[in-house]
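Student: Before I ask anything, let me first share the structure, which is written out below as structure tokens.
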Amino acid sequence: YFLFAAVIIIPPTSIRSIPADQRGVIYRLGRKQNSVVGPGKVLIIPFVDHLERVSIEPFSVSLPPQSAITKDEIPIQLQASLDAVIKNADLALVKVRDWRIHLMSQLQKLMKDQLEILDFDRLDEVFPQWVQSIRSQLSAKANEIGVEITDLQISNLSPRTKPTG
């Protein structure tokens, strides 16, 4: 009777469905089994396998304004928007826990770190090259996790003159 019950109970819990906008990786006892699976039906062994999923839909986010300090200690506000898409779901699943959060935090860190090299007085003339530098560095970090940056916009929301006082 046990075998009969197991045959009836296990198959429904063994079949997982992966939608067209997702991919998955099967981990058997904690070890990655094969490359990316899906979309469609996937067979897993209950209590032994774990299915990790990742969305492959294009990602678009507008970050809240970021405050930073320039090299000459002038506070400025930056606004950034980011568009990205997964090119290698296998890397995106294995390298980081959540590729979206990882990219946003990398962008924020790059913007803050790189502002320390800018002078407020020369901000307008060097800003385009500065944005290109951020774009290149973020693209390199994204490629490491199988993601492509399709667009990155950074705007300076600060006044164009130094604050007095």
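The values are calculated or read from the model by the stated rules, or taken from the named source; none is laboratory data. These numbers were taken from a predicted model, which means no experiment stands behind them. Neighbour counts are summed over all protein chains in view; Cβ atoms, including those assigned to glycine, are modelled from backbone coordinates with ideal geometry. For accessibility, only protein heavy atoms count, side chains too; no ligands or nucleic acids. Shrake-Rupley method; radii C 1.70, N 1.55, O 1.52, S 1.80 Å.
Student: Check off (1) at pLDDT below 85; (2) within 21 Å of LEU157 (Cβ to Cβ); (3) charged (D, E, K, R) for LYS109 and give me the number that stays unchecked.
Tutor: Here LYS109 meets the rest and fails (1).
Student: Give the residue, chosen from GLN114, GLN129, GLN153, that is part of a helix (DSSP H, G or I) and at pLDDT 90 or above.
Tutor: Just one listed residue meets the conditions, GLN129.
Student: What tally of residues in the range 136-153 results from selecting those that are open to solvent by 20 Å² or more (accessible area, probe 1.4 Å) and closer than 16 Å to SER62 by Cβ?
Tutor: 4
Student: Of the conditions (1) open to solvent by less than 90 Å² (accessible area, probe 1.4 Å); (2) within 24 Å of the chain's Cα centre (by Cα); (3) modelled with pLDDT of 85 or more, GLN33 fails just one. Which one is it?
Tutor: (3)
Student: Scan the range 90-120 residue by residue and report those that are free of Cβ contacts under 8 Å to residues at least 40 places away in the same chain and either in contact with a Phe, Trp or Tyr (Cβ under 8 Å, 6 or more places away or on another chain) or at positive phi (or both).
Tutor: Within the range 90-120, GLN114 is the sole residue that qualifies.
Student: If you take the residues in the range 87-111 that are among the β-branched types (Val, Ile, Thr) and in a helix (DSSP H, G or I), which one is surrounded by the most Cβ atoms within 10 Å (Cβ to Cβ)?
Tutor: VAL94
Student: Could you count how many residues in the range 121-145 are touching a Phe, Trp or Tyr at 6+ places or on another chain (Cβ under 9 Å) and closer than 14 Å to GLN106 by Cβ?
Tutor: Adding up the residues that qualify gives 2.
Student: Sticking with this structure for a sec: Listed residues ASP151, ASP98, ASP119; which is over 27 Å from ARG23 (Cβ atoms) and not hydroxyl-bearing (Ser, Thr, Tyr)?
Tutor: Exactly one of ASP151, ASP98, ASP119 is over 27 Å from ARG23 (Cβ atoms) and not hydroxyl-bearing (Ser, Thr, Tyr), namely ASP119.
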